[in-house]
Structure formats: C-alpha cells, structure tokens
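Working notes, beginning with the structure itself.
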Amino acid sequence: MEKIQLTRNMRARTDPAFSDFLLRVGNGEEHTIKDDLVLLLEQLVIKSNGNISGEDRLISEIYPSLNENGSCAKYMTERTILASRNEYIDQLNEMLIVNFSGESKTFISFDSAEDDTNNYYQEEYLNTLTPNDLPPHGLILKKNIHIMLLRNLDPSNGLCNGTRMVCRGFDNNVIHAKIMMGQCTSKHVFIPIIQLSPPENEGYPFKFIRKQFSVRLCFAMTINKAQGQTVSNVGLYLPQHIFSHGQLYVALSRGISLSTTKVLVMTEQPKRRKGTYTKNIVYQEVLGKKSSQYIFLCYKYIIILFII
C-alpha cells in the first residue's frame, strides 16, 4: 500500500534540523525503542534544575518577564504552552495567572446533571469534572488577560470556537473582550454566561450541564485546540505520554524553530538510556493511500466537533 507522507513543514522551513525531525516524527520514521518511544532532540528538552521545578522552568522559557509584558498583545499572542488534557491546562493557567498583574475575580459555574431525579450526582462532584471544550468550574479572570472562546456564538462577528481575545473588563454576567485574531481583529465584543454540555462521547452516564462563560484562559491550551495555529514560542507539557495518532507531531509543529520550542517530559524514562524519550503514536495503516478517504472523513468529523 502506497503511503501518504508529509514532505515539507512550512512553519519550520527556516530551521532545517527542526523541520526534518518534525517530518520524521509525523511520518513515523523517527527511530523508536520499546513502547513507541522516540528520543527528543536535546535542544528541545526542559529539565528541573535544583529547587526550580520543571513547570516553573517551562513557564519562564515561554513567558519570560510575564508581569512586565503581559499587557502587550503581541507578546501574548506569540506564545503558548500545550498539553493533552484539560486538567493539565487548568494547572498551568492557574500558575501563570498569579504572575499576571491586576486584581483577579473568580467566576463559579453552576453545574447540574439533567434528569437526575434521585440526586445521585452531587454538585460538589460535578464541580470537579473537566470535560473537553468546557470552561473550568472556577474561572479566574483579570483585566487584559488573554482568553479563548470555546463555542461558536456569533461567527459573522468573529465569535468562533478557538478565537483568542483580550479581556478588557467583566461584571457578574458578561465579559467585555477585544478580538486578537482573524478578520475581526480589534473588534470589541461581549461574552455572556450560557449553558454548556460536553460531547456525548465524553462517556458520562448522564447529561452534564455547566452554566459558565464559554471561555478559558489561553496561557496554555490543549493540543487539539492549537491545530492550525502557528506560534513563535511553544512549550509542550507532558506529565503523561500523548495518547492518539499524530498528537506529538501536531504539538511540536505549532512551533517554528528548535530554539523557541521547548518540551517538559515528566514520565519515567527508559533505564540505561541517555537523553529524554516520549511516546510517538503513528498508525502506519492510516497513512496508506487507500485510507485517504478515511482520513478525510476523520478530519471532517474533527472539524464538526471543533465548531460545535
């Protein structure tokens, strides 16, 4: 079966070593050891250093002098940290907002389980859930902080799923924001509190409803949310291995060079091996030419989920 291969990475075209490494990762050609582990290029790797945790080092690499530069839109839009799960994203965003100047306000969601007449699912339990594409139970905001929209509220006016904005102000029921990307850049918009539910494939035995602003902080974002974006300074946070086909490639290829792309791997490393390894999942059968229709349908389904 003839393979469909990645042949060029346009984002990293000015850094041939990085571009070639990305192509080998994306095509599943980079040498692996047991459990699909690949050796990361040394220039990419962030490590703990003495009393400084790996997370703090990653943050300082991607967001240097955040307190002084946080109000600069260009500084903020040129950097992000990626992770595979919402729980990791929330952890990083909470660490970063502390270093962002200004007074904070926490907005608490109202969570419920539809048709739970026997009250099996207590609100305290529902508050702990972090479904994909839903805002956190406790959303912390500050003026001038960058946020990302999680739903299509008004596409004709730039309010699309994934739109990055600057929070210009807020009260109990609305956020005043300024769009920072696309054709509606610099447009001022208002984001209301709405009812949100995760996709049915999240696997909950009930319909989960969260009433909250449909935004997240975007110091850090999930790998899936970053698809299609180019970011000058990218960090990748891996407290666990990635878990789906092509996810490592998608994350690393948001960046443009080795010097501005950093990876923090927190998983246990192979014994008697030098360097830092992480998992790269590539299903070769998916890259087969006869699978092109299947790939198209998969991407179509992903796009539909992304815009819901």
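What order, most packed first, do the peptides 102-110, 69-77, 212-220 have when packing is the mean number of other Cβ atoms within 10 Å of each residue?
Put in order of decreasing packing, that is 212-220, 69-77, 102-110.
Mind running the shape call on the stretch 205-252? Use the C-alpha gyration tensor, a ≥ b ≥ c as the square roots of the eigenvalues: rounded below 1.5 for a/c, prolate if a/b tops b/c, oblate otherwise. Verdict is oblate for the stretch 205-252.
Is there a pair in K142/K225; K143/K211; K47/K178; K74/K279; K143/K207; K47/K279 whose C-alpha atoms are over 27 Å apart, and which pairs would that be? Show your work: numbers first, answer last.
Numbers: K142/K225 22 Å; K143/K211 22 Å; K47/K178 36 Å; K74/K279 33 Å; K143/K207 33 Å; K47/K279 17 Å.
Cα-Cα > 27 Å for K47/K178; K74/K279; K143/K207; rest within.
Leaving out ligands, DNA and RNA, what percent of the accessible area of the stretch 120-170 is carbon and sulfur, probe 1.4 Å?
Working: 950 of 2000 Å².
Accessible surface attributable to carbon and sulfur in the stretch 120-170 totals 48 percent.
For the chain, the alpha carbon positions stretch 52, 46, 42 Å along the principal axes, listed from largest to smallest.
With everything on Cα atoms, drop me the angle between helix 86-97 and the longest principal axis of the chain, reported from 0 to 90° to the nearest 10. It works out to around 70 degrees. Pairs of Cα atoms under 8 Å, at least six residues apart: use those to get the relative contact order of the stretch 162-296, whole percent. Computed value for the stretch 162-296: 15 percent relative contact order. For V45 and Y283, the difference between the fully extended length at 0.36 nm per residue and the C-alpha to C-alpha distance is 83.2 nm.
Determine the percent antiparallel among the DSSP beta bridges restricted to the chain, to the nearest 5.
Here the share of antiparallel DSSP bridges comes out near 75 percent.
Across the chain, C-alpha contacts under 8 Å between residues 6 or more apart give a mean separation that, scaled by the residue count, equals a relative contact order of 27 percent. The alpha carbon centroids of the stretch 40-63 and the stretch 140-173 are separated by 30 Å. Solvent-accessible area per residue in the stretch 158-226 equals 43 Å², computed with a 1.4 angstrom probe and all protein chains kept. The modelled label-to-label distance between Q195 and K211, using points 7 Å beyond Cα along the C-beta direction, is 0.9 nm. Between R13 and E268, the simple spin-label model (points 7 angstrom out along Cα→Cβ) gives 4.5 nm.
The values are calculated or read from the model by the stated rules, or taken from the named source; none is laboratory data. Because the structure is a prediction, the values reported are computed rather than measured. Don't worry about glycine lacking a Cβ; one is built from the backbone with ideal geometry, like all the others, and counts go over all protein chains shown. Accessible surface areas use protein heavy atoms only, side chains included; no ligands, DNA or RNA. Shrake-Rupley method; radii C 1.70, N 1.55, O 1.52, S 1.80 Å.
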